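**Student:** What follows is a structure written as structure tokens; I'll ask about it next.
The values are calculated or read from the model by the stated rules, or taken from the named source; none is laboratory data. Just so it is clear, the model here is predicted, and its values are computed rather than measured. Heads up, the Cβs are rebuilt from the backbone with ideal geometry, glycines too, and the neighbour counts pull from every protein chain shown.
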Amino acid sequence: MTTAQPRTDLDVQPTPLALLLLGREADPASERGVDCPGDLPSPSDPDLVARARAAKEKLGDKVFVLGHHYQRDEVIQFADVTGDSFKLARDAAARPEAEYIVFCGVHFMAESADILTSDEQKVVLPDLAAGCSMADMATAEQVAECWDVLSEAGVADQVVPVAYMNSSADIKAFTGKHGGTICTSSNAKRALEWAFEQGQDPSTTKILFLPDQHLGRNTAVRDLGMSLEDCVVYNPHKPNGGLTAEQLRDARIILWRGHCSVHGRFSLESVEDVRARVPGVNVLVHPECKHEVVAAADLVGSTEYIIKTLEAAPRGSKWAIGTELNLVRRLANRFAEEDKEIVFLDRTVCFCSTMNRIDLPHLVWTLESLAEGTLVNRIEVDKETEDFAKLALERMLALP
């Protein structure tokens with residue numbers, strides 16, 4: 001039996017934007033923490049894998065490495081567990097003996113891990129520049145101003161905030177403080193149903209959904225049967241969010257103008273193109289995609305849903321996947337021997353550039369620093385923020 005060769009092309013072509021050279025360059029004007037104190041190993045160092053293994057072995061049970069699905073293969077090989085952001089945060093909390101939680105993901109994920117783990121555990125992000133463009137689209141100041149706008153429109157007491165897991169600790173805390181809950185892409189429908197139930201009159205209760213407008217819109221329309229007219233988009237860069245008081249009073253769902261830079265690039269043309277190129281293909285996309293993409297897809301679901309669907313798919317089936325490219329390539333390699341044809345939905349590269357900042361040199365630097373007793377890049381959420389954020393998370397965990 002021949003061994004299937006790793007898939008590296010998946011019908012994609014380099015994008016001229018370069019996506020910050022997939023994490024190899026920096027924009028100091030817009031990014032945090034682009035410098036590491038101390039020496040960072042060269043990406044060409046042939047001993048990086050051995051060095052990572054040695055440092056991890058030296059640390060033993062003191063370290064627990066979390067790897068998000070969108071991470072590079074060179075990093076994911078050292079993860080003790082893999083998964084989506086919330087699963088990984090809970091996995092970390094379930095390992096109280098681990099002094100160091102190395103989160104190979106992005107900033108808001110490490111914050112969630114710090115919120116859910118004990119005070120004795122220290123959460124570390126290998127590169128502090130690994131942020132999330134979606135999470136950064138909603139700042140605490142902007143959301144507080146939005147609440148003032150809702151108050152002036154006379155609707156704030158009717159609004160229940162629902163914040164996506166892909167948000168900062170500050171936004172999660174705001175949500176907890178104002179009686180709202182957190183949601184994931186898996187339980188967004190139940191979270192919205194819960195939020196509508198919180199008002200004295202569900203028919204007049206409104207939801208402020210942030211920061212991803214697409215997940216909020218898709219859940220409201222596709223899962224709850226609402227109309228596009230029930231939704232308005234609040235733009236934090238416009239006076240009063242670009243909305244009139246009347247529009248706010250008439251709306252059922254107030255969507256924050258945010259999006260995922262990866263999932264937001266897929267288009268209806270992408271779907272039509274792949275159907276023409278791959279006859280009989282099943283289009284499977286993440287609910288962070290635009291509404292017209294979700295409407296044109298065959299199946300829609302979270303990252304975990306995508307993985308489970310491909311696991312259960314019959315041999316010889318064909319799939320076009322609309323999510324981050326590292327994961328799609330990994331799945332294509334995994335199922336190649338089962339003759340499952342898995343292609344990327346778009347023709348151009350669609351890595352998450354900030355996820356790709358967690359590369360092997362940063363991981364080696366982190367593990368070796370910890371092994372030498374030097375704590376680096378700790379992510380620590382202040383107590384008040386943590387308490388309100390945890391309250392919102394606990395409401396989500398209590399959802400049936």
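**Student:** Residue by residue through the stretch 366-386, note down the ones that are more than 30 Å from Arg51 (Cβ to Cβ) and free of Cβ contacts under 8 Å to residues at least 60 places away in the same chain.
**Tutor:** We begin by selecting, within the stretch 366-386, every residue more than 30 Å from Arg51 (Cβ to Cβ); these are 381-386.
Hits for the stretch 366-386 are Asp382, Lys383.
**Student:** Would the stretch 58-70 turn up any residue that is under 23 Å from His263 (Cα atoms) and surrounded by fewer than 18 Cβ atoms within 10 Å (Cβ to Cβ)? Working first, answer last.
**Tutor:** Filtering the stretch 58-70 down to residues under 23 Å from His263 (Cα atoms) leaves 66-70.
Remaining after also requiring surrounded by fewer than 18 Cβ atoms within 10 Å (Cβ to Cβ): none.
So far as the stretch 58-70 goes, no, none of its residues is under 23 Å from His263 (Cα atoms) and surrounded by fewer than 18 Cβ atoms within 10 Å (Cβ to Cβ).
**Student:** When you look at Ala130, is it surrounded by 24 or more Cβ atoms within 10 Å (Cβ to Cβ), part of a strand (DSSP E or B) and either under 20 Å from the mean Cα position of the chain (by Cα) or among the small types (Gly, Ala, Ser) (or both), yes or no?
**Tutor:** On the way: surrounded by 24 or more Cβ atoms within 10 Å (Cβ to Cβ): yes; part of a strand (DSSP E or B): no; either under 20 Å from the mean Cα position of the chain (by Cα) or among the small types (Gly, Ala, Ser) (or both): yes.
In short, no.
**Student:** May I pose another question? Would you check which residues across the stretch 82-111 are touching a residue at least 12 places away in the same chain (Cβ under 8 Å), of a type in the set (A, V, I, L, M, F, W, C) and out of contact with any Lys or Arg (no Cβ under 8 Å at 6 or more places or on another chain) and list them? Reasoning before the result, please.
**Tutor:** Step one: of the stretch 82-111, the residues touching a residue at least 12 places away in the same chain (Cβ under 8 Å) are 82-93, 95-111.
Now narrow it down to the ones that are of a type in the set (A, V, I, L, M, F, W, C): 86, 88-89, 92-93, 98, 101-104, 106, 108-110.
Result: Phe86, Leu88, Ala89, Ala92, Ala93, Val102, Phe103, Cys104, Val106, Phe108, Met109, Ala110.
**Student:** Can you report the number of residues in the stretch 176-200 which are assigned to a helix (DSSP H, G or I), modelled with pLDDT of 95 or more and not hydrophobic (A, V, I, L, M, F, W, C)?
**Tutor:** 5
**Student:** In the stretch 80-92, what residues are part of a helix (DSSP H, G or I) and at positive phi? Walk me through how you get there before you give the answer.
**Tutor:** Going through the stretch 80-92, the residues part of a helix (DSSP H, G or I) turn out to be 85-92.
Selection gives nothing.
**Student:** Here is a further query. Regarding the stretch 166-179, can at least one residue be identified that is more than 25 Å from His107 (Cα to Cα) and surrounded by fewer than 24 Cβ atoms within 10 Å (Cβ to Cβ)? So that I can check it myself, show each step before the final result.
**Tutor:** Of all residues in the stretch 166-179, those more than 25 Å from His107 (Cα to Cα) come to none.
Within the stretch 166-179, not a single residue is more than 25 Å from His107 (Cα to Cα) and surrounded by fewer than 24 Cβ atoms within 10 Å (Cβ to Cβ).
**Student:** Same structure again: Please work out which one of (1) in a helix (DSSP H, G or I); (2) among the basic types (Lys, Arg); (3) touching a strand residue (DSSP E or B) at 6+ places or on another chain (Cβ under 6 Å) is the condition Arg95 fails and give its number.
**Tutor:** Result: Arg95 passes all but (1).
**Student:** Now, a different point. Can you tell me which of Asn282, Asn187, Asn240, Asn218 is among the polar types (S, T, N, Q), more than 21 Å from the chain's Cα centre (by Cα) and under 21 Å from Tyr305 (Cα atoms)? Please lay out each step first, then the result.
**Tutor:** On the way: Asn187 fails: more than 21 Å from the chain's Cα centre (by Cα); Asn240 fails: under 21 Å from Tyr305 (Cα atoms); Asn218 fails: more than 21 Å from the chain's Cα centre (by Cα).
After ruling out the rest, the residue left standing is Asn282.
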